[in-house]
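The block underneath contains the structure these notes are about, expressed in structure tokens.
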Amino acid sequence: MNNIRNFCIIAHIDHGKSTLADRLLEYTKTLEGKALTEQTLDNMDLERERGITIKSHAIQMNYEKNGQKYTLNLIDTPGHVDFSYEVSRSIAACEGALLIVDATQGIQAQTISNLYQAINHDLHIIPILNKMDLPNAMPEEVEDQIIELVGCDRSEIIHASGKTGLGVYDILDAIIERVPAPKGDGNAPLQCLIFDSVFNSFRGIIAYFKVVNGSISKGDLVKFVATGKEYYADEVGVLRLDLQPCEKLGAGNVGYIISGIKTSKEVKVGDTITHVKNPCSKAIEGFEEVKPMVFAGVYPIDAEDYEDLRASIEKLQLNDASLTFQPESSAALGFGFRCGFLGLLHMEIIQERLDREFDMNVITTVPNVPYKAYTKKDELVEVHMPSMLPEATLLDHVEEPYIRAQVITKTEYIGSIMTLCLGKRGELIKQNYLMGDRVEIEYDMPLAEIVFDFYDKLKSISRGYASFDYYPIGYRTSKLAKLDILLNSEPVDALSTLTHVDNAQTFGRKMCEKLQELIPRQQFDIAIQAAIGAKIVARETIKALRKDVTAKCYGGDISRKRKLLEKQKKGKKKMKQIGNVEVPQKAFLAVLKLD
Ligand code: GTP
């Protein structure tokens, strides 16, 4: 155990985490030449395209120094707020963290919040200035920021480049010298912390864990504490580039278990694995059920695809336990599912995976956060969609989820960012001048305001010089109104939203304007109205258009005519018929892009 080092990497998106991780694998000969595809740690296609590490992974390296053989376990962490609970569990499995900061960019909000988590877990921090090969690197300024944040000595900061390989051996040495060995007791009852799991279509769920105390062997009868389920450990092993089975894993080490588990719901990140005989007296602290923070309806474009859609979502859920779903129906869209996601990015990823992996063409409705409605009889109704909000006469009050937002930016943008936050019902908590011309601000804000377009707006008003992170801080009472949209006097339930009463009217007006832009002109006039209860608060009209696509064919060629009609029909595929109006998919998400 003395020769084991468990560490993770904390970095802002694009600061070079994956590139540097690849160098570590290369320099420890975990990967040789050809096996080194760019960014080995991100192995999902989608991940590579988006450049975001979506699911955390772990990989073991061997390294020899001064005649001693060391086992280094790198536990990868996802870099997006939607996945912050996974980050916290990965951090809990480590004793050290590499803090990678882009020398041309400096510290960003995401780095800070993950760093605080690491410091709270008593991880030893190794600060690294990355991208030192770039001419616009600002080592001194960024070093100052790091020193202020971590409280380290300037000499502890390693200069590195994932591109040229500068500093990579220094990093490996620092991991061995500075990160403490894990502290577990090999003779105590078994306690393993699950920090991740993946689904494999042949082998079922593979759970990744760190042995905190005791040891686990192949064939052991084990219990997962939070779910209460028991399994035989069919296989245990360590994670190299592939799974490498072994007989036994001792305290401090990181590995995997395969035990015939079929769905990801049975393996919860943060849960403890122990032996059925001689179990540990209590589970490892910090376990939480991950709760979806954004809900949206997902409907097949073609009603016939409903069962296929169900099968596809079920399959996705096998390897993504944070995705929840239940059937729902909408007057406008027919039968579909109400899905719960960790955040907007998670929602986009699921939508894309449905499209790519299952060829499912779906319509997603306006997303909303989970509200808690209390009736006058003091009953709690969890509101996952606008139609679930109890009638005004029965309703006592509604609570909505709040978050604390951290923004780091340059002083010149602070005014417009504060205006933005205020417009999003934010309450200023803290304003802190950092080194140079950088400011950190904290706001308490309703999650609903963040979910829509906050991040895009923040980026545009700060010209990209603002970083943003948030964490949930519980529910607060709020005044909400249900805003309905009517097309030719027919309410379209899929376009309803819950919004704060003060914003409802403006919001309704903008929705009408946006829909007028997005819904194509048709053979008749279309009236778009926004209503709160029976009161119409805004209205726009789309003027009729007459268009005969076959007119150009002079009546002659039937097959050509048919082809054109087919083509037109195909073009309509991305449309949904609502009453007599054709509505394109993007209209359902119009609310996300209101100015
Ligand atoms: P996410 O996976 O999105 O969190 O990003 P990451 O932090 O893993 O960054 P990644 O390794 O994907 O690098 C981001 C970009 O910076 C890529 O285009 C890299 O080629 C580039 N890059 C990474 N390290 C260096 C470096 O040391 N020098 C230079 N010049 N570019 C680098």
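The values are calculated or read from the model by the stated rules, or taken from the named source; none is laboratory data. Computed from a predicted model, the values in this text were never measured in an experiment. Cβ coordinates were reconstructed from backbone atoms using ideal geometry, including for glycine residues, and neighbour counts include every protein chain displayed. Surface areas here come from the heavy atoms of the whole protein model, side chains and all, with no ligands, DNA or RNA. Shrake-Rupley method; radii C 1.70, N 1.55, O 1.52, S 1.80 Å.
Quick notes
- Pair list, Cβ < 6 Å and 6+ apart or interchain, from region 227-255 residues that are of a type in the set (Ser, Thr, Tyr) to residues that are modelled with pLDDT under 95 and open to solvent by 20 Å² or more (accessible area, probe 1.4 Å): Thr227/Glu266
- Residues that are near the ligand (Cβ under 9 Å from one of its atoms) and open to solvent by 30 Å² or more (accessible area, probe 1.4 Å) were ranked within region 49-72; the one that is modelled with the highest pLDDT is Arg50.
- Within region 499-520, residues that are under 14 Å from Lys586 (Cα atoms) and of a type in the set (D, E, K, R) have Cβ atoms under 7 Å from residues that are modelled with pLDDT under 90 and crowded, with 17+ Cβ neighbours inside 10 Å in these pairs: Lys514/Ala590, counting only partners at least 6 apart in sequence or on another chain.
Results for (1) part of a loop (DSSP other than H, G, I, E, B); (2) touching a strand residue (DSSP E or B) at 6+ places or on another chain (Cβ under 8 Å); (3) open to solvent by 50 Å² or more (accessible area, probe 1.4 Å), shown as yes or no for each residue.
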| site | (1), (2), (3) |
| --- | --- |
| Tyr299 | no, yes, no |
| Pro327 | no, yes, yes |
| Gly340 | no, yes, no |
| His346 | no, yes, no |
| Ile350 | no, yes, no |
| Arg353 | no, no, no |
| Asp378 | yes, yes, yes |
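- If the condition is being surrounded by 13 or more Cβ atoms within 10 Å (Cβ to Cβ) and at pLDDT 95 or above, then region 243-255 contributes Pro245, Cys246, Lys248, Leu249, Gly250, Ala251, Gly252, Asn253, Val254, Gly255.
- Exclusive hit being open to solvent by 30 Å² or more (accessible area, probe 1.4 Å), under 28 Å from Lys372 (Cα atoms), in contact with a Ser or Thr (Cβ under 9 Å, 6 or more places away or on another chain) and polar (S, T, N, Q), set Ser387, Ser416: Ser387
- Some residue of region 237-248 being in contact with a strand residue (DSSP E or B) (Cβ under 8 Å, 6 or more places away or on another chain), of a type in the set (D, E, K, R) and assigned to a loop (DSSP other than H, G, I, E, B): yes
- Residue list for region 260-276, restricted to those being of a type outside the set (Val, Ile, Thr) and either within 27 Å of Asn2 (Cβ to Cβ) or open to solvent by less than 10 Å² (accessible area, probe 1.4 Å) (or both): Ser264, Gly270, Asp271, His275
- Here Ser84, Ser88 are screened, and the one residue that is more than 16 Å from the ligand (Cβ to nearest atom) and either assigned to a loop (DSSP other than H, G, I, E, B) or under 30 Å from Phe341 (Cα atoms) (or both) is Ser88.
- Comparison of Lys183, Lys218 shows that the only residue that is closer than 28 Å to Glu86 by Cβ, out of contact with any strand residue (DSSP E or B) (no Cβ under 6 Å at 6 or more places or on another chain) and not assigned by TED's automatic domain parsing to the domain that holds His12 is Lys183.
- Scanning region 94-105 for residues that are more than 12 Å from the ligand (Cβ to nearest atom) and surrounded by fewer than 24 Cβ atoms within 10 Å (Cβ to Cβ) yields Glu95, Gly96.
- Breaking point among (1) open to solvent by 20 Å² or more (accessible area, probe 1.4 Å); (2) assigned to a helix (DSSP H, G or I); (3) in contact (Cβ under 8 Å) with a residue 40 or more places away in the chain, for Tyr471: (2)
- Restricting region 115-131 to residues that are closer than 16 Å to Arg89 by Cβ and out of contact with any helix residue (DSSP H, G or I) (no Cβ under 6 Å at 6 or more places or on another chain), the residue that is surrounded by the most Cβ atoms within 10 Å (Cβ to Cβ): Leu123
- Taking each residue of region 19-32 that is within 16 Å of the ligand (Cβ to nearest atom) and open to solvent by 20 Å² or more (accessible area, probe 1.4 Å) and looking for partners that are hydrophobic (A, V, I, L, M, F, W, C) and at pLDDT below 90 with beta-carbon atoms closer than 9 Å, six or more apart or interchain, yields Glu26/Leu36.
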